[in-house]
Amino acid sequence: MELLPLSTEQLSKLAASNVPPSQLFEVLSQYEAEACLIPAEGDSSQTDNSGLELLSLFYSSFFLTHLLTDQIPEARALTKRMPETLRNKDPSLQNCLTLLRAVWQTQHDQVYQILRRLPWPEALQRLVQRYESMDLFLPAIFQSSTDISSIGFFQDKSLVALSHSYEAIRPATAAGYLGLDQKAAENGDPNIITKFIGCGWTWDPETQLLHPKPIAVPSPHNQTTNGIREAMAMLGNRAG
Amino acid sequence: MTLISDLVSASAHLHSTTDLSDEDHDHRIRDCVAYFRQLSSTKALSSVADDETLLDHFDPSADSIAYLFILRVQIQTSQERTSEKLPTNLRPMGKLWSRAVRFLKKFDNIHIRYAGQEWRQLIEVVAQDHLRYFLYGAMVYMALKQWRKSSHFLEVVISMPTTSVVSMVMVEAYKKWVLVGLLEKGKLCSPPGITSPHVVKMYQSLARPYITLAHTFERGDMSRLRAEVDAAGEVWCMDNNLGLVSQVVNAFYRHTVVRLGRTFAALTVADLAKQALPPSTSKEVAESTIASLIMSGALNATLLHPPNHVGPTMLRFTAMPSFPRLSDEVDMQVQLKGEQQSLETLMGHLVESNHHLGLSDEYVEYVHKGQGWVNSGDVNLTEEDGFDMDEDIMGDP
């Protein structure tokens with residue numbers, strides 16, 4: 001894919017697209033060297049702050065893409081590479097840092113609050129939504145287990161982890177991990193219970209407990225077929 | 001200019017020595033080394049130390065001795081001119097670094113045996129950078145929490161062969177290695193087998209607070225561990241290891257919980273919190289901490305809430321990861337399916353390639369030659385040799 005010049009428009013377009021996270025990560029990685037050359041020291045006497053806006057958008061979207069590809073330590077390393085002055089005053093980057101802290105400490109409720117309540121710039125809204133969830137409780141996500149790109153979104157990831165961690169769980173606790181209404185779940189809201197049942201979990205009305213069914217997802221580190229793929233590519237070229 | 005031509009001609013004496021006897025060859029090399037040593041001692045070479053293109057006149061394999069002496073002078077001059085430990089041009093990708101690497105790849109080992117002292121000095125400069133590379137690489141892995149890879153990089157540094165003393169870089173690596181071992185395995189690991197015992201003793205005496213910390217960690221006493229961390233606070237700060245040490249304290253809880261799993265089949269969360277978590281931990285925090293450990297894969301266990309909110313939450317330990325086994329099976333299934341698809345596509349491509357190759361000029365030429373052999377009687381490709389494709393040899397008899 002030909003790399004277009006780094007610009008706010010280009011970044012907004014990428015952030016709003018449905019490009020798979022791994023591809024998005026590849027594209028944004030290539031922009032980092034260029035971003036490093038943009039001066040981050042804003043001059044208040046100048047009205048043109050386009051450079052700072054561009055940097056803010058770049059680093060915020062790159063940060064969110066790290067999360068989307070489940071690279072938490074790398075996301076932390078990225079926050080160290082952001083220009084310090086910008087990192088300390090830019091609201092979007094400040095949101096990223098708060099989000100990182102919550103993700104790092106596995107504070108699920110805080111993560112949902114940060115994603116839903118903090119003011120994220122319009123250009124990042126789609127990425128923020130994608131990180132929170134795509135279509136939670138759609139069993140199709142888990143049935144099409146080859147769709148690795150869907151794994152890594154916070155809600156989906158939490159659902160998978162939860163299904164392995166509990167043999168029996170109260171609906172309110174499960175709802176808390178998934179950013180659902182805990183009060184409603186505690187009162188046995190049938191909508192919430194149905195969603196869990198839709199994932200293969202069972203509901204025991206007598207004990208008031210959900211019994212999760214472990215959700216299996218393929219490992220993203222599937223490298224065994226790389227050799228064959230390379231051979232295929234070579235043969236494909238040869239045959240062509 | 002005269003000096004350069006003198007140097008070139010002195011080195012050229014060693015170029016065509018195949019006709020010389022071993023004795024004469026030996027004399028020539030000795031004379032050449034003596035000549036360059038004299039130039040070095042009289043500082044005559046210093047006058048050309050700034051000439052960056054000087055080494056272009058010499059081939060590192062044919063003019064190994066001249067190359068080594070000039071490179072050494074250039075490195076010394078560069079080091080003298082800066083207050084930095086390592087001048088920029090001596091760092092990887094720097095001009096002198098590249099020259100040194102080029103020399104070390106190509107030098108004539110017979111010639112260089114006569115200039116062992118100078119060669120060793122050059123190696124020491126490069127080896128320091130080699131160690132730094134692995135130390136910094138390990139630090140990158142630490143930032144990414146990839147403890148195993150980090151540990152491997154540090155082991156490369158600490159097991160570096162050394163004659164008598166260890167360098168500061170190696171001691172620094174050893175200190176970090178002790179901490180990384182606690183983070184990864186929860187114990188003080190044994191150094192790599194190739195590390196000589198006297199070097200290990202040196203490390204242990206130079207990194208005593210780290211060894212004490214590791215022993216306290218292994219004993220499983222949290223209050224003593226905290227006391228050790230506080231007592232040597234200045235040491236951790238001075239060594240820039242405070243961050244790692246604070247992670248070690250957190251890892252202590254994790255390893256204590258994991259250790260309990262080796263003794264008990266199941267425990268209530270309250271009991272486990274009493275034994276393995278800080279005293280002030282509430283039930284909710286304890287459960288969420290344990291759930292995080294399970295979710296991260298650090299602990300093989302499952303949690304069970306009690307029916308109707310009556311009774312304690314239980315933690316059931318599993319000897320092997322019970323749920324990942326299911327995941328692994330599904331993973332394997334997915335991989336096999338992928339592999340099957342790949343192979344099918346591969347077969348398709350092979351058939352297609354065969355077809356294309358069958359139409360190529362090279363193949364036609366080959367067939368033509370084959371026919372020639374058949375005609376000449378050298379090679380007799382007949383139906384008996386298995387070339388009759390009409391017969392289905394795999395079919396039922």
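What residue, of A:86, A:3, is open to solvent by 30 Å² or more (accessible area, probe 1.4 Å) and of a type outside the set (Val, Ile, Thr)?
Details: A:86 fails: open to solvent by 30 Å² or more (accessible area, probe 1.4 Å).
The unique qualifying residue is A:3.
Go over the candidates B:96, B:3 one by one and state the one that is of a type in the set (A, V, I, L, M, F, W, C), surrounded by fewer than 20 Cβ atoms within 10 Å (Cβ to Cβ) and assigned to a helix (DSSP H, G or I). If you could, list the steps in order and put the result at the bottom.
Working: B:96 fails: surrounded by fewer than 20 Cβ atoms within 10 Å (Cβ to Cβ).
It is B:3.
Sort out which residues of region B:311-335 are at pLDDT below 85 and more than 7 Å from chain A (Cβ to nearest Cβ), and write them in order of number.
First, the residues of region B:311-335 that are at pLDDT below 85: B:318-335.
Across region B:311-335, the qualifying residues are B:318, B:319, B:320, B:321, B:322, B:324, B:325, B:328, B:329, B:332, B:333.
Can you tell me which residue is farthest from residue B:201 (Cα to Cα) among those in region B:131-151 that are without any contact (Cβ under 8 Å) to a residue 12 or more places away in the chain and of a type outside the set (S, T, N, Q)? Don't jump to the end; show me each part of the working.
Going through region B:131-151, the residues without any contact (Cβ under 8 Å) to a residue 12 or more places away in the chain turn out to be B:136, B:140, B:143-146, B:149.
Remaining after also requiring of a type outside the set (S, T, N, Q): B:136, B:140, B:143-145, B:149.
Values: B:136: 24, B:140: 28, B:143: 29, B:144: 30, B:145: 28, B:149: 25 Å.
Of everything passing the filter in region B:131-151, B:144 is farthest from residue B:201 (Cα to Cα).
For the subset of region B:252-280 comprising residues that are open to solvent by 40 Å² or more (accessible area, probe 1.4 Å) and hydroxyl-bearing (Ser, Thr, Tyr), which member is farthest from residue B:311 (Cα to Cα)?
The selected residue is B:263.
Those residues that are more than 11 Å from residue A:92 (Cα to Cα) and at pLDDT 95 or above, I need them from region A:32-63; list them, please. Let's see the steps before the verdict.
In the first step, residues of region A:32-63 are kept if they are more than 11 Å from residue A:92 (Cα to Cα); the result is A:32-52, A:54, A:62.
A:62, the sole residue that qualifies.
Out of the residues in region B:171-196 that are over 22 Å from residue B:242 (Cβ atoms) and of a type in the set (Gly, Ala, Ser), which is modelled with the highest pLDDT? Step through it out loud before you land on a result.
Step one: list which residues in region B:171-196 are over 22 Å from residue B:242 (Cβ atoms), which gives B:190-196.
Right, trim to of a type in the set (Gly, Ala, Ser) and you get B:190, B:193, B:196.
On the way: B:190: 91, B:193: 88, B:196: 87.
Among those residues, the one meeting the criterion is B:190.
Which of the strands (runs of 3 or more DSSP E) contained wholly in region A:162-240 include at least 1 residues that are modelled with pLDDT of 90 or more, surrounded by fewer than 19 Cβ atoms within 10 Å (Cβ to Cβ) and more than 7 Å from chain B (Cβ to nearest Cβ)?
A:202-204, A:209-211
So which residues in region B:346-393 are modelled with pLDDT of 65 or more, in contact with a helix residue (DSSP H, G or I) (Cβ under 6 Å, 6 or more places away or on another chain) and more than 13 Å from chain A (Cβ to nearest Cβ), if there are any at all? Explain how you work it out, then say what you get.
Here is the first cut: in region B:346-393, the ones modelled with pLDDT of 65 or more are B:346-371.
Going one step further and asking which of them are in contact with a helix residue (DSSP H, G or I) (Cβ under 6 Å, 6 or more places away or on another chain), we end up with B:346, B:349, B:352-353, B:356-357, B:363.
Within region B:346-393, just B:363 meets the criteria.
Among (1) away from every other protein chain (no Cβ under 14 Å); (2) surrounded by 14 or more Cβ atoms within 10 Å (Cβ to Cβ); (3) under 25 Å from residue B:318 (Cβ atoms); (4) not small (Gly, Ala, Ser), where does residue B:248 come up short?
(3)
Looking at B:39, B:20, can you tell me which residue is surrounded by 15 or more Cβ atoms within 10 Å (Cβ to Cβ) and under 26 Å from residue B:110 (Cβ atoms)? If you could, list the steps in order and put the result at the bottom.
Values: B:20 fails: surrounded by 15 or more Cβ atoms within 10 Å (Cβ to Cβ).
Result of the check over B:39, B:20: B:39.
Among A:70, A:109, which is open to solvent by 60 Å² or more (accessible area, probe 1.4 Å) and assigned to a helix (DSSP H, G or I)? Walk me through how you get there before you give the answer.
Numbers: A:70 fails: assigned to a helix (DSSP H, G or I).
Within the list A:70, A:109, the selection yields A:109.
The values are calculated or read from the model by the stated rules, or taken from the named source; none is laboratory data. Predicted, not measured: the structure shown is a model, and the values here were computed from it. Positions of Cβ are backbone-derived with ideal geometry, glycine not excepted, and every protein chain shown enters the neighbour counts. The protein model used for the area step is the full one, side chains on, heavy atoms only, and it has no ligands, DNA or RNA in it. Shrake-Rupley method; radii C 1.70, N 1.55, O 1.52, S 1.80 Å.
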